[in-house]
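The values are calculated or read from the model by the stated rules, or taken from the named source; none is laboratory data. In this text the structure is predicted, and so the values were computed from the model without any measurement. Note that each Cβ is placed from the backbone with ideal geometry, even for glycine, and that neighbours are counted across all protein chains shown.
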Amino acid sequence: MRHFLSLRDYTKNEILKLIDMAVSIKKEPRKLLLDKKLAMIFEKSSTRTRMAFELAISELGGKALFLSSNDLQLNRGEPVKDTARVIGSMVDFVMLRVNKHETLLEFAKYSKTPVINALSDLYHPTQVLGDLLTIKEYNKQGKIAFVGDSNNMCNSWLIAASILGFELSIAIPKGYNINNEILSFALKEAEKSGAKIEISNDKFKAISNKDVIITDTWVSMGEEDKKEQKIKDFSGFIIDKEAMSYANKNAIFMHCLPAYRGFEVSEDVFEEHSEVVFTEATNRLYVVKALLCFLSDVEC
Ligand code: CP
Ligand code: NVA
């Protein structure tokens, strides 16, 4: 049995297979997981991820159970390992959106069924799967810039690029260093795959000669108390027309959403690239379908 906690547990071939499966299921929807049940545990808000998972399992012929962590006994102190043993014994998959990645690791250790990371502080792997499908659909190569915070989206891109052998240039403000363990894993993978990973504090350098420009909110869920400080620290890291002018001709802009105009992206850049951004959001549905099939050993 496989879990899906981070792309680092998957090979290049497996990631590419997941994307191919998503292409196929997007073309031809099929009820491949009749009567399978998915539990969805959310410790944080969600629009896209909840919709993608709930619709994915229902369009595949199964059923979703939405479980807000506020309503579970988890919120009253029931241990994660007990919750995992109960929920994992009643459904075919469990997806969790958690504050701390350790919660996922603990849950996965005790769950009898596959556990899927629907966002943690460290990774957001289903988002990057959706992004990879979108990049493929727009015929872009792996020359990518990520400008923004050094947390879940940045880490997931670092892992994906290093396994897939992409060129990834990350620009983050001073003082927002990437998690050491994740960085050293990525650099080791990059040696094997031939990926070119560059990290700096210079957004223009990162964006230069890239085909795909990615950013994320400066203030992630749960960081609301740091908002003022982060806005100060990230000033200058906006993706605006000037920043995009450093990218390759016909470069695309991507954002996992929700987007905060005037902070990480300007209104004009966002609207100019909105077709890509909303394709990226919709593609979450197809990669989640592919993932649920993959974890069930069902070809699609
Ligand atoms: N991008 C993303 O995960 O969106 P939600 O937070 O709305 O699920
Ligand atoms: N970094 C953001 C991603 C939202 C999809 C957050 O964690 O809130």
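Any residue at all in the range 251-267 that is exposed (fewer than 15 other Cβ atoms within 10 Å of the Cβ), over 15 Å from Leu133 (Cβ atoms) and touching a Lys or Arg at 6+ places or on another chain (Cβ under 6 Å)? Scanning the range 251-267 turns up at least one residue that is exposed (fewer than 15 other Cβ atoms within 10 Å of the Cβ), over 15 Å from Leu133 (Cβ atoms) and touching a Lys or Arg at 6+ places or on another chain (Cβ under 6 Å).
Does the range 55-69 include one or more residues that are within 18 Å of the chain's Cα centre (by Cα) and closer than 15 Å to Ile116 by Cα? Yes, the range 55-69 contains a residue that is within 18 Å of the chain's Cα centre (by Cα) and closer than 15 Å to Ile116 by Cα.
Could you list, in sequence order, all residues of the range 80-112 that are away from ligand 1 (no atom under 16 Å from the Cβ) and under 21 Å from the mean Cα position of the chain (by Cα)? Talk me through it step by step, then tell me what you get.
Taking the range 80-112 as the starting set, the residues that turn out to be away from ligand 1 (no atom under 16 Å from the Cβ) are 80-94, 100, 102-103, 105-112.
Result: Phe93, Val94, Lys100, Glu102, Thr103, Leu105, Glu106, Phe107, Ala108.
Can you say whether Cys300 is at pLDDT below 95 and either more than 15 Å from ligand 1 (Cβ to nearest atom) or among the β-branched types (Val, Ile, Thr) (or both), as far as the supplied structure shows? Here the answer is yes, as Cys300 does meet what is asked. Out of the range 133-160, which residues are closer than 17 Å to Ala190 by Cβ, more than 16 Å from ligand 2 (Cβ to nearest atom) and either at pLDDT 95 or above or crowded, with 22+ Cβ neighbours inside 10 Å (or both)? Passing the criteria: Lys143, Ile144, Ala145.
Evaluating Tyr260 against the criteria (1) within 13 Å of ligand 2 (Cβ to nearest atom); (2) hydroxyl-bearing (Ser, Thr, Tyr); (3) in contact with a strand residue (DSSP E or B) (Cβ under 9 Å, 6 or more places away or on another chain) leaves one unmet condition, (3). Inspect all residues belonging to the range 111-129 and state whether any of them is of a type in the set (Gly, Ala, Ser) and either at pLDDT below 95 or not in a loop (DSSP other than H, G, I, E, B) (or both). The answer is no, given that none of the residues of the range 111-129 is of a type in the set (Gly, Ala, Ser) and either at pLDDT below 95 or not in a loop (DSSP other than H, G, I, E, B) (or both).
Which pairs do you get when a residue that is free of Cβ contacts under 8 Å to residues at least 24 places away in the same chain, found in the range 99-116, comes within reach of a residue that is of a type in the set (A, V, I, L, M, F, W, C) and assigned to a helix (DSSP H, G or I), reach meaning Cβ atoms under 9 angstrom, with the pair 6+ apart or on two chains? Once the first residue is free of Cβ contacts under 8 Å to residues at least 24 places away in the same chain and sits in the range 99-116, its partners that are of a type in the set (A, V, I, L, M, F, W, C) and assigned to a helix (DSSP H, G or I) give Glu102/Val80.
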